[in-house]
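One structure is given below, encoded as structure tokens.
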Amino acid sequence: MSPSAVDNVPTKSSLKDGPNKSTTLEVRAPPLPHLTHGFIPLSLLIRRLVQDSHNKLGELVDSLQGGGQTDEEKKRRIIDHMQDTRKQFIKVLVLAMWSKNAGAVGEVIDLKLFLDSRQEIFHSVVYNLLDVRRNMNQARVPNPDLDTAVQVLSTGRAQTAMTHRYVPPPPLTSSAILRTLSNINTLLSLRLTLHSPPPPHFRTYTIHSGRATFTVDHEFEVDMSIGSEDPESQLFLIDFRLLFHPCTNTPIAPALRAEIEFRGNAILKQRGLEGIFEFLHEFVLTHKIGVLLRQTQEIHAGRWTENLRVQQIKRTLVVQYWTTRVGEGKSWIEVGAKRGSPGKPSRLGVRWMREGKEVKDVEVPLDIAVLSAEQLLKSVIALHTSQILTTIQTRLRALPMFPPTSLRLVTHATDSFNSFLQLTLTPSRSIRVLVEPITGRFALTRPTAMSTHAEGRMNQNPANVDELLVRLKFVVLQEEIESRARSMGWEILKMVNVRREELKTFFPSTTRYMTYMRREGWRREWVVCVVLGDGGEGFYVGKIHEAPQQWTMSTAILIPITTPLNPSYTFLASLEKMASAIITLHVTTEILTSRRIQHQLKPPKVSDPKLTIPDLYIRFSSLIPRATWGIDALRLTFQSLADDGRSILTVFGRTREPMTQLGGEIRAADSDVSFHPLSGSYAIRFTVTVGDTIIDALVEKLHRIETLIRFVAVIRRFKLPCLHVSLGRVGFRYSPDTNSTADVSFGSDGDGKMRLHLPARSPHVRIRHFLENELNTAGLEIVVMALTVTLPLLLAFEDIEARFSNAPGGSEGALYILPRNVDWFRVEYRNHGVVLDWRLRCRKSVLYWYVQDAAMTGAESERGVKGRRRADMLKGIWSGEVDGDWEALKIGAAAGVKGVGALVRSVHEAIVEAGVAA
Amino acid sequence: MSSDPLLLSLKSWPDENLEVTSVSSLISQIQAQRGHFRDVNESILQAEIAAGKDEGQTDEKHDGETEDKADKVTEKDSATELRNAKMEMADLVAHALNEALLGLDYVSFLVSLHNPDTGNLSMSPALKQSVPAGSLGFDKIQRKIDPKALKDDEIVSRAWKIEGLNSAADAFLAASRKLGDEVEKEGRYWEQVLAIRDEGWVITRMPRERQTLGVRYGFAESAAEYKNKGIGALRRGEDGSVAMDDVATTGSRGKAMLRVRMLENGEVKGVSIQDGSKKTGSVKDVIERARNFVYEDELFFEIMREARIMANQGIRTSEDGVTIQLGEHRSILIDMAPLDEDETVPDVLGAEIGLVQGVAMAFRILLSYNHRLSLRKRSQPPPPLTQRKQAVPPLSLVRPIATHLIHHQHLSHLQGLLASLIGLAKSAGLHAEFSLKPLQNCKQPVIKDVESAVEAFLGKLESEATLVLPGGWKIEIHMQTMLGHPLFGTGFIINTSHDGISARLMGENRFNSVEEMELYLCWCLERSIVNEIRCMGDKWQQVAQGNEMWSVDKQTRRIRVEVSRVGLAIVTGTTGGTDARVVWDGSDTGRSLQDLLKEF
């Protein structure tokens, strides 16, 4: 800054202040001090330099004269010297040129000096002021005591005695305190009603004993009071009590209470009732979580040991339960404070993580009034259990083998030991699925070897429980059927092994388990198959064949079972009946089909509601062609089982005409066949091994019935008394004589020939074979006729034979009676050489016995037999000379059928006499 | 005041006794007089007024009362005393701290006048809030010392000194006396400790208090949870005799012992005797009792632990006990209960006292047996180390006992069944009988040592029964119970021998449930009666080995034999006719089966 610049400033200010002012303040620049001290003239400097360079040059010259120096050195020193000197002179030159401005520089120096002196003055002023201030400290006056001043001014005396605060006031009496308290009560109620109504959560309060007691249900109770009459002054916390079990009656630790009181008062000061509520509420929540944590740790050390994992993460209590349970993620609950919504404070909440996933749709019940970790765990576990069981139930219900009645779910809200799913496995067995609360293991009760096995599997693989239960049901059912069947005498065929593909053609594709059983006494290829599958149970009759490698199955017939399955002993007995019937009917129909015999199965006329076995109707005319005696419908009914397990079948049929000719005597005669003559119906009973057919036997029986009917008719026609009638045998009497009975049997032998049975002493014994032959060729009619016709003759023969052997001279073998046929007998008197032929002839529809001498009428070959001669002794008879009940025919004689005896005897006597005479 | 009209004002004059009557000062006065405000309430005050004690109670009185209370407390026990002392000390320390802080505040406040930075640093926030810093001034006051007062002070200080010396002497005397006592007490203490050791107890240091001696009365083979519970501290009592801590030894359930109860239809039929050992209170007895309680506690813990894996056997656990269900109506309840107070045995012990007492005793024997097993297992080389943590399997306590109980239950059921079947047959005039040989395999155990004595009763239980039925049937029933593989309950092996006519099957049949066995026996009786009828002169023929028979003579006549648990029924009928049913239910009807058949 130049002095002129200083001058300019006031000029400007004076101009600014306005021209109107007459007096202007003019600040003159103060005189600058001038400094000359230390200044050196330039000339002196130059002079000194010249002198110096002269001196140095002289020195150089002197030194150059000295020896010991090379020429080069000398030259260098000269050059050095010259250069130095030159530098000095250049500097002087610069100074000389600069000194032209020397005047201005001097002025700047003066200015600087001036400014420095100014600054010095400022500093000393500050210092002086500071000094004054420091000295003034001593001179302070205290603030006036306005309170006391007012008192003094108003009352005229100071009441605050010096001793007032140090000497305690006289103790208050109880009534004084009581008065104070009621005073406070009033103040409190005024304050809470008028000035600061409490926040919503503190609406429940009572005022007593100089305090307001605020109650928050299931959380806490807090006593607060005032510190002064001012309604705006802060409230003070007096007491705090917890209002939830198990902390209700336990006092809070004094340290804790002091801490709460301390903090609470601070909060009351800052945030009032709102703040204290929030503080205490949060404290209670935390405390509750702490209580739960402690309870959990306690039970973890007790009976829940090894099955809980307890952890506290910040303010959240995490309890994992069922820690030893296998599979399906962990399950735990988190107990923590849930954020409150506006108008609602935060609350204690439970988050439930079931198998690793949070359950949001179920609210876990937590009793905030009575805290119990065990109760909480139990309810969560009960919920979990119920969920598990419900899931199983839902899955099982979808399956047809679990009808709704077979599943019973009972759930308990808190004690999961009372929750169970009861499954009816078989009508007699049910099982309960439980989840053990502590370990989470499934338990099946009551246990058996099978259920325990399933239980173990369920616990290894909890995701697959329903499937395991389904299997268990099958296994139990199978075991029950097998065990009971075995007790009943069924044979369980464990070795039967049929290819699966083959089974698929017979049984539902959902089949899982199969049991083959056979009753003792059945044919080997027939079995009952018990089929258990998703679609339910089924009983089949199966026909299996054993092959070297693999069994094969050719037939499977479903046994219809209308009632729900109950494999009781009765059921198994019925099953046997049913299976036997089905096998028998099946075998029968198969044969009928293969023989192209018309047949049909129809529901039975009379049926047992438990056992409906169809009847098999067979067309009679198709079974036995050309037979016309029976009506077409033959009804084959399965009757029952014999005690050896064979089937008893009955075939009912009816003849076209009533069988009145049979009379009454047939009824009890035959155990296999029975007749009802009036209606013409008959019943035939068969007992066959299960698996065998009866068709051949039936055909044979029918043939026999046919024969029987025919025979009896014949016998009736001849008006002979029937001795007995049965399907294989007809006995009748053709003469009153005792020995005159005959039995015809038919069909009892394999060859189908009829037999004639005669008593040992029957006169017809000698022609039995002819009769039998006749029976089989010409029928019974001829035989009966033959019997009656030949009887007198044969009786007569017997007579003469007896006489002959009784005669004194008679010897054995003298008389031979040779039947040639039923109507031709040859009688040979060997001793007499006489041979007679007795023949039956018919003349004018009347039968006669003709007797002739074989020698006369016989064939040529016989005539010339040695010792044979003509029976001349009979000429008398032939010629009619001997009179009798016969007709003489010159070469013979003829007698009626009845009267032939006389002729025989006459002839005999004649021959014998002739012999004696000879 | 009112006499002076000039001083009238609309403003209310400050109350004369503002300091005395304001709520704030009154509250502080009440607090000073009565302690914490929370301990004061209207009812107490009214009671006091009613009692005529309407006077200012001073603090001293109040203190005196608390001292009295404290005296009473000391009599209770040392733990409470300790706690009280601690609280008192904490109070005092807090008080001292408060005083110190107040002093600090005061000094800081003073300092803040001249040296605000230093002063502010140590001023408490509360003080800063209430007053501006540096607003308290001070000055040095010169005071003349009164020579008379100086003399007084000297006298007072001398008296104090003498008093101090006296009290020091007294303290020394007391200390020497106390030391003498201590020596005596210490001697007595060690004598008794030695006596305890000589009895065979293990004396050891307490795990957490290294300087305290303890006695180990727990069991070496206990589960991990009980390893550390079996130590009791041997403390020196008032007179130097040993006193054992009773608190830590009683387990979680207090002084309780295992109680076994038998319930039938919800009615208690028997309670085990809750009789502890002698109650003389000597240290040895205390140790023994502690040992017993620990044993009982461990026993219950192990029972609980085992019971929960046996849920499938009808055993359930609840918060306080284990229930073993025996059939529909009976159950055994196991829980912890305090000892019976009086010595007399109450009448409610009931009829099943023998059973419950036996069960309780068996539990105790079995735990000891399990301890022995554990010792044996530990003496063997340990299994190879694996990554997986080996779970400790539960002990075998409930299983053997439940096996016995279930076996007995099934045995009595079998007995009932056989008796009723026999009764049915006899009431129908048929011959039948049975004999029962219970617990065949436990009859004569070979006892080599303690373990084998117990082992004989573990494992499978077997009973046998022989049943002779009509028709020449003989049935041998072999009943086995085992709550494990392969039976998981009771199994029956039934051997049937007969002439093989009325039923084809003979020989062995196995049943795994009582119901099946019952069904089978009914079926056997049915068939045997069928056989009996058949043998009555071959008049009846059996239909296909069923229960129906028909008459050999008259084929339309049929009879059916039906046997169930409740009765033996003969259904007679003719084809096409109605059936008649005759039932023998075990009571004597005076009509035999033979009579019936004859009539029919």
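The values are calculated or read from the model by the stated rules, or taken from the named source; none is laboratory data. Everything numeric in this text was worked out from a predicted model, so none of it was measured. A quick note on method: Cβ atoms are made from the backbone with ideal geometry, for glycine too, and the neighbour counts reach across all protein chains shown. Remember, those area values only see protein heavy atoms, side chains included, never the ligands or the DNA or RNA. Shrake-Rupley method; radii C 1.70, N 1.55, O 1.52, S 1.80 Å.
Residues in the range B:186-241 that are surrounded by fewer than 17 Cβ atoms within 10 Å (Cβ to Cβ), of a type outside the set (S, T, N, Q) and more than 30 Å from B:LEU367 (Cβ to Cβ): B:GLU186, B:GLY187, B:ARG188, B:TRP190, B:GLU191, B:LEU194, B:ARG210, B:GLY237, B:GLU238, B:ASP239. Only a single item in (1) under 26 Å from A:GLY275 (Cα atoms); (2) at pLDDT below 80 is not met by A:ARG191, and it is number (2).
Checking the range A:258-269 against the condition returns no match, with no residue being open to solvent by 40 Å² or more (accessible area, probe 1.4 Å), within 54 Å of the chain's Cα centre (by Cα) and farther than 30 Å from A:PRO342 by Cβ. Flag set for A:ILE90, criterion: at pLDDT 85 or above, open to solvent by 70 Å² or more (accessible area, probe 1.4 Å), within 24 Å of A:ILE46 (Cβ to Cβ) and of a type in the set (A, V, I, L, M, F, W, C). Taking (1) touching a strand residue (DSSP E or B) at 6+ places or on another chain (Cβ under 6 Å); (2) open to solvent by 40 Å² or more (accessible area, probe 1.4 Å); (3) of a type in the set (Val, Ile, Thr) in turn, B:ILE533 satisfies each apart from (2).
Of the residues A:LEU317, A:LEU348, A:LEU292, A:LEU273, the single one that is open to solvent by less than 40 Å² (accessible area, probe 1.4 Å) and under 29 Å from B:MET336 (Cα atoms) is A:LEU292. Scanning the range A:452-470 for residues that are in contact (Cβ under 8 Å) with a residue 40 or more places away in the chain, open to solvent by 10 Å² or more (accessible area, probe 1.4 Å), assigned to a helix (DSSP H, G or I) and away from chain B (no Cβ under 14 Å) yields a total of 4. Quick one: is A:GLY538 touching a Cys at 6+ places or on another chain (Cβ under 9 Å), closer than 30 Å to B:ILE501 by Cα and open to solvent by less than 40 Å² (accessible area, probe 1.4 Å)? Considered against the rule, which asks whether it is touching a Cys at 6+ places or on another chain (Cβ under 9 Å), closer than 30 Å to B:ILE501 by Cα and open to solvent by less than 40 Å² (accessible area, probe 1.4 Å), A:GLY538 comes out as no.
Of all residues in the range A:840-864, those satisfying the criterion of being open to solvent by less than 60 Å² (accessible area, probe 1.4 Å) and at pLDDT below 75 are A:ALA854, A:ALA855, A:MET856, A:THR857, A:GLY858, A:ALA859, A:GLU862. When restricted to residues that are surrounded by 17 or more Cβ atoms within 10 Å (Cβ to Cβ) and closer than 27 Å to A:PHE220 by Cβ, the range A:295-309 contains 3. With respect to (1) under 19 Å from A:ARG354 (Cβ atoms); (2) without any contact (Cβ under 8 Å) to a residue 12 or more places away in the chain, the lone exception for A:ARG395 is condition (2). Only residues that are within 13 Å of chain B (Cβ to nearest Cβ), surrounded by fewer than 22 Cβ atoms within 10 Å (Cβ to Cβ) and either closer than 14 Å to A:LEU423 by Cα or in contact with a strand residue (DSSP E or B) (Cβ under 8 Å, 6 or more places away or on another chain) (or both) were counted in the range A:477-486, giving 4. The conditions of being open to solvent by less than 10 Å² (accessible area, probe 1.4 Å), over 30 Å from A:ALA683 (Cα atoms) and aliphatic (A, V, I, L, M) are met by A:ILE767.
All but one of (1) without any contact (Cβ under 8 Å) to a residue 12 or more places away in the chain; (2) of a type outside the set (A, V, I, L, M, F, W, C); (3) within 14 Å of another protein chain (Cβ to nearest Cβ) hold for A:THR414; state the number of the condition that does not hold. Going through (1) without any contact (Cβ under 8 Å) to a residue 12 or more places away in the chain; (2) of a type outside the set (A, V, I, L, M, F, W, C); (3) within 14 Å of another protein chain (Cβ to nearest Cβ) one by one, A:THR414 breaks only (1). For the range A:491-516, which positions are closer than 16 Å to A:PHE474 by Cβ, not in a loop (DSSP other than H, G, I, E, B) and not polar (S, T, N, Q)? Listed by number, the residues that qualify are A:ILE492, A:LEU503, A:ARG512, A:TYR513, A:MET514, A:TYR516.
Can you tell me which residues in the range A:357-382 are touching a residue at least 40 places away in the same chain (Cβ under 8 Å) and part of a loop (DSSP other than H, G, I, E, B)?
Looking only at the range A:357-382, we keep the residues that are touching a residue at least 40 places away in the same chain (Cβ under 8 Å), and these are A:365, A:368-374, A:376-378, A:380-382.
Within the range A:357-382, A:PRO365, A:ILE368, A:ALA369, A:LEU371, A:SER372 meet the criteria.
Note on the range A:177-231: among residues that are β-branched (Val, Ile, Thr), part of a strand (DSSP E or B) and more than 60 Å from the chain's Cα centre (by Cα), the one that is nearest to the other protein chains (Cβ to nearest Cβ) is A:ILE226. Restricting attention to the range A:707-729, the residues that are open to solvent by less than 50 Å² (accessible area, probe 1.4 Å), at pLDDT 75 or above and closer than 28 Å to A:ARG619 by Cα total 7. Looking only at residues in the range B:39-57 that are at pLDDT below 75 and surrounded by 14 or more Cβ atoms within 10 Å (Cβ to Cβ), the one that is farthest from A:PHE262 (Cα to Cα) is B:ASP54.
So that you can scan it fast, the table gives a plain yes or no per residue for (1) modelled with pLDDT under 85; (2) within 14 Å of another protein chain (Cβ to nearest Cβ); (3) part of a loop (DSSP other than H, G, I, E, B):
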{"site": "B:ILE303", "(1), (2), (3)": "no, yes, no"}
{"site": "B:ALA307", "(1), (2), (3)": "no, yes, no"}
{"site": "B:ILE324", "(1), (2), (3)": "no, yes, no"}
{"site": "B:VAL345", "(1), (2), (3)": "yes, no, yes"}
{"site": "B:SER368", "(1), (2), (3)": "no, no, no"}
{"site": "B:PRO384", "(1), (2), (3)": "yes, no, yes"}
{"site": "B:ARG388", "(1), (2), (3)": "yes, yes, yes"}
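Among the residues of the range A:314-346, the ones that are touching a residue at least 12 places away in the same chain (Cβ under 8 Å) and either part of a strand (DSSP E or B) or among the aliphatic types (A, V, I, L, M) (or both) come to 14 in all.
Filtering the range A:553-573 to residues that are open to solvent by 50 Å² or more (accessible area, probe 1.4 Å) and closer than 19 Å to A:VAL527 by Cβ leaves A:SER554, A:LEU558, A:PRO560, A:ILE561.
Which numbered condition in (1) over 21 Å from B:LEU367 (Cα atoms); (2) surrounded by 19 or more Cβ atoms within 10 Å (Cβ to Cβ); (3) modelled with pLDDT under 85 is the only one that B:ALA311 fails? It is condition (1) that B:ALA311 fails.
Note on the range A:234-288: among residues that are of a type in the set (Asp, Glu) and more than 14 Å from chain B (Cβ to nearest Cβ), the one that is farthest from A:ARG315 (Cα to Cα) is A:GLU274. Restricting attention to the range A:610-657, the residues being acidic (Asp, Glu) and modelled with pLDDT of 85 or more number 0. Please go through the range A:783-839 and give me each residue that is at pLDDT 80 or above, in a helix (DSSP H, G or I) and of a type in the set (S, T, N, Q), ordered by number. Passing the criteria: A:THR788, A:THR790.
If you go through the range B:237-295 and pick out every residue that is within 14 Å of the chain's Cα centre (by Cα), hydrophobic (A, V, I, L, M, F, W, C) and at pLDDT 80 or above, you end up with 5.
Is it true that B:MET479 is within 11 Å of chain A (Cβ to nearest Cβ), in contact with a Phe, Trp or Tyr (Cβ under 8 Å, 6 or more places away or on another chain) and in contact (Cβ under 8 Å) with a residue 24 or more places away in the chain? Spelling it out, it is not the case that B:MET479 is within 11 Å of chain A (Cβ to nearest Cβ), in contact with a Phe, Trp or Tyr (Cβ under 8 Å, 6 or more places away or on another chain) and in contact (Cβ under 8 Å) with a residue 24 or more places away in the chain.
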